[in-house]
Amino acid sequence: MANDLWRTVTGTTNFYGSSTTGSEANMRNELIYTLDGRSPEIAKGQPGLLRKMRRDSDNKLIPCECVDSITREPDKDRFCPICFGDGNKWDETNITFYRVLTASEDSNTMRDTLTAVGLLNVPLVVFYIRYSAAITEEDKVIQIDLDNDGSASSPTQRQAIYRVNSLWDYRSDNGKLEYWKAFAHEETVKYLNAPDFEDME
């Protein structure tokens, strides 16, 4: 009997795949496999840091002691060993992310900024981060120096710091959190790392 390609009669060959439940990809596992690798897939994740802002009992950011009581701004001229000039206290933890370069008009985060000469298009970076990372829009993602094999340099040296503009929680499977997608732009800061004593004189 010839195969029925158009399903006009009952046949024994299914040319269009299974329609049974449970055939969808597990997006959480797919990102984990992308970051950490799974035979035969090679790990594509990049080590970095998550700068988690500290909060008080009212869930407000905790200012550093270097913040001026009048201007409410941190000391930008002298190095603060507590906040590195951020102005708020924080803790840093190791994370793994997948980084993609983009532009502000592609991300719908409205990063066009009015300047004296017109609109400035701010370059954005997209970070894909595993679901278990406790990240918020007030936190920052830090890119660190890597060696040629992709391992973090020792001691750790911060290379760039990114402020999160928009944080999307990708959910599926009855609302289960699959992964985070963070749109961020690079911040210009004076002190990414603690300066040498010679630099502080």
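The values are calculated or read from the model by the stated rules, or taken from the named source; none is laboratory data. For clarity, every value in this text was computed on a predicted model and none was experimentally measured. Because the Cβ atoms are built from the backbone with ideal geometry, glycine has one as well, and the counts that use them run over all protein chains shown.
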Exercise. Condition test on Lys76, is it within 24 Å of Ala194 (Cβ to Cβ) and in contact with a Lys or Arg (Cβ under 7 Å, 6 or more places away or on another chain)?
Worked result: yes
Exercise. Take the residues of the stretch 34-49 that are aliphatic (A, V, I, L, M) and part of a loop (DSSP other than H, G, I, E, B): which is surrounded by the fewest Cβ atoms within 10 Å (Cβ to Cβ)?
Worked result: Ile42
For this session: Give the residue that is surrounded by the most Cβ atoms within 10 Å (Cβ to Cβ), with candidates limited to residues of the stretch 57-92 that are within 24 Å of the chain's Cα centre (by Cα) and of a type in the set (Asp, Glu).
Result: Asp86
Exercise. Going by the structure shown, is Ile95 at pLDDT 90 or above, surrounded by 11 or more Cβ atoms within 10 Å (Cβ to Cβ), touching a Leu at 6+ places or on another chain (Cβ under 6 Å) and not hydroxyl-bearing (Ser, Thr, Tyr)?
Worked result: yes
Seminar exercise, completed: Going through the stretch 32-64 in order, the residues found to be of a type in the set (A, V, I, L, M) and under 23 Å from Asn148 (Cβ atoms) are Leu35, Ile42, Ala43, Leu49
Exercise. In this structure, is Tyr179 of a type in the set (Ser, Thr, Tyr), under 18 Å from the mean Cα position of the chain (by Cα), surrounded by fewer than 16 Cβ atoms within 10 Å (Cβ to Cβ) and more than 23 Å from Asp77 (Cα to Cα)?
Worked result: no
Exercise. When the stretch 50-92 is examined, which residues are found to be aliphatic (A, V, I, L, M) and in a strand (DSSP E or B)?
Worked result: Leu50, Met53, Leu61
Seminar exercise, completed: Among residues of the stretch 164-174 being surrounded by fewer than 17 Cβ atoms within 10 Å (Cβ to Cβ) and modelled with pLDDT of 90 or more, the residue farthest from Cys83 (Cα to Cα) is Arg171
Seminar exercise, completed: Contact list, first residue from the stretch 29-41 and farther than 14 Å from Arg130 by Cβ, second anywhere and hydroxyl-bearing (Ser, Thr, Tyr) and assigned to a helix (DSSP H, G or I), beta-carbon distance below 7 Å, six or more apart or interchain, is Glu41/Tyr33
